[in-house]
Amino acid sequence: MVDRVVFVGVDTHADVHHAAVVDELGRWLGDRGFATTPAGYAELWGWAGSFGAIAVAGVEGTSSYGAGLTRYLRAQAVRVVEVDRPDRKSRRMQGKSDPLDACSAARAVASGRAAGVPKSHDGVVESIRCLHLARRSAIKARTQAVNQIRALLTTGPAVLREQTRGLGRKALISRMVRLRPELNGAQHPEQATKIAVRGLARRCQALNEEIAALEVQLSQLTLAAAPRLLARPGIGIDTAAQLLITAGDNPDRLRSEAAFARLVGVAPIPASSGRTDRHRLSRGGDRQANRVLHTIALVRLHRDPRTWAYLNKRTAQGLSKKDILRCLKRAIAREVYHDLRPTCAAAVATIVDLAPMTSPTSSRAAEVKAGRRPPEGHRP
């Protein structure tokens, strides 16, 4: 074996992974395609090792097509880093092919430009991710089925439409399941409508049972994994599960709470010019995590006295509600980060600058000033 240190880059796909090997100076040593099977992973490992001692392997898509290869390389005690695909400017200048992408990944690792630690996908958070994904899919399918029922009733027979006018989702599904259409009369629009909406209602009932079963399992796992997170105001099972999924089974890969803020898309981005000093919205990061932080902030604006006090304080300083919401999301991300990392020495107990509730008074103005009630006209 050649006595040198080499770096591996892998461009991942569904059926074939293309790997490239470079030396410490980024010089190309070889590239080759391998099947996305256990035998293919072993063949890639042996081939790359023939060039020298593998220092680091850079893999694209460690949470998708590259997940299996990432697990295999980690089992071989190889340090694996996540590599982003080349940007459009580089692709316009260098071209696009699997060997070029693999070589670019290897050089990014060798130069230290790529250093992101991928998720391990080997603990309870991976189980939460699977259940959370199935639950979201079932909820989406149920919503689609209910919308289709309402659409069919809107264009269907007037008698059937009047029977369901003003009914909520549960009552509507219960009513439609009890329909008794003439199965041999599907050539008539009225009977065809009844057959269709009854079938959709039965689908909704099955989805309700599936969602309820998934919620029980998801609640048990999330409560066991993040009890401190669920104790925070405004955080429920769904939002806690998404934050755990974003952090992964190895949240220690997040070097700081600033890195976590960038991951969830709440790190303030400077947008100042001349006499204007401001920050703008970050459009990067995990958008699902950003969505749940937005939900938590809205819930706290409705229910948390400390957040009302913070709203009053920042409004008095001249900030708009949009900017206040961004500040809240950043503060919540700081709070959540320490709950996701139980080994952290100094956990943050409360949101910075959110004052506690003071003694009660009868005057609304005093309550607004004390932060126990939002100001007039407040719409989160």
Requested in this report: Please figure out what share of the DSSP beta bridges in the chain is antiparallel and state it in percent, rounded to the nearest 5.
Outcome: 60 percent
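So what's Rg/Rh here for the chain, counting alpha carbon atoms and using the Kirkwood radius for Rh?
Using only Cα positions, Rg/Rh for the chain is 1.08.
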**Report entry** Built amide H within the under 5 Å cut-off of LYS119, gap 5+
**Finding:** none
Report task. Could you work out the relative contact order of the chain, using alpha carbon pairs under 8 angstrom and six or more residues apart, expressed as a whole percent? Result -> 12 percent
Requested in this report: Subtract the Cα-Cα distance of ARG161 and ARG85 from 0.36 nm times their separation in residues, and report this length gain in nm to one decimal.
Outcome: 22.1 nm
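Quick check on the range 124-225: what does the Kirkwood estimate of hydrodynamic radius come out to from the alpha carbon pairs, in Å? Write out the running numbers ahead of the final one.
Working: mean 1/r = 0.0665 Å⁻¹.
Its Kirkwood hydrodynamic radius stands at 15.0 Å.
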Query raised in the report: In nm, to one decimal, how far is the ASP252 label point from the GLU215 one, both placed 7 Å along Cα→Cβ?
Result: 3.6 nm
Query - Ordering of 93-100, 18-25 by burial proxy (mean other Cβ atoms within 10 Å per residue, highest first) - result: 18-25, 93-100
**Report entry** Virtual spin-label span in nm between ARG275 and ARG136, 7 Å along Cα→Cβ
**Finding:** 4.5 nm
Report summary line: Using eta = 1.567 mPa s and T = 4 °C, Stokes-Einstein with Kirkwood Rh from Cα pairs puts D for the range 184-241, in µm² s⁻¹, at 91 µm²/s
Query raised in the report: If a helix is a whole DSSP H run, which ones in the chain reach 30 Å or further along their own axis (Cα) and hold a mean Kyte-Doolittle hydropathy of at least -0.5?
Result: 124-155, 189-225
Query raised in the report: Using the 10 angstrom Cβ neighbour count as an exposure proxy, how do SER64, SER104 rank, fewest first?
Result: SER64, SER104
Query raised in the report: Which length gain, in nm to one decimal place, applies between ALA171 and ARG303 when the Cα-Cα distance is subtracted from 0.36 nm times their residue separation?
Result: 44.5 nm
Report task. Hey, for a label at ARG291 modelled as a point 7 Å past Cα toward Cβ, could you say which residues of the range 222-245 have their backbone N under 15 Å away? Result -> 238-245
Query - Calculated FRET value between ALA55 and THR143, using beta carbons and R₀ = 41 Å, to 0.05 - result: 0.25
Report summary line: Here FRET efficiency (C-beta to C-beta, ARG4 to ARG74, R₀ 25 Å, nearest 0.05) is 0.65
Query raised in the report: Taking the alpha-carbon set of the range 63-186, what are its Rg and Dmax in Å?
Result: 26.3, 72
Query raised in the report: Based on the Cβ-Cβ distance from ARG341 to GLU126, what FRET efficiency comes out when R0 is 30 Å, to the nearest 0.05?
Result: 0.95
Requested in this report: Taking just the C-alpha trace of the range 9-120, give me its Rg and Dmax in Å.
Outcome: 12.6, 37
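Read-outs: derived from the displayed coordinates by stated rules, not from any lab. Source: prediction; values computed, not measured. Backbone-built Cβ (ideal geometry, glycine too); neighbour counts: all protein chains shown.
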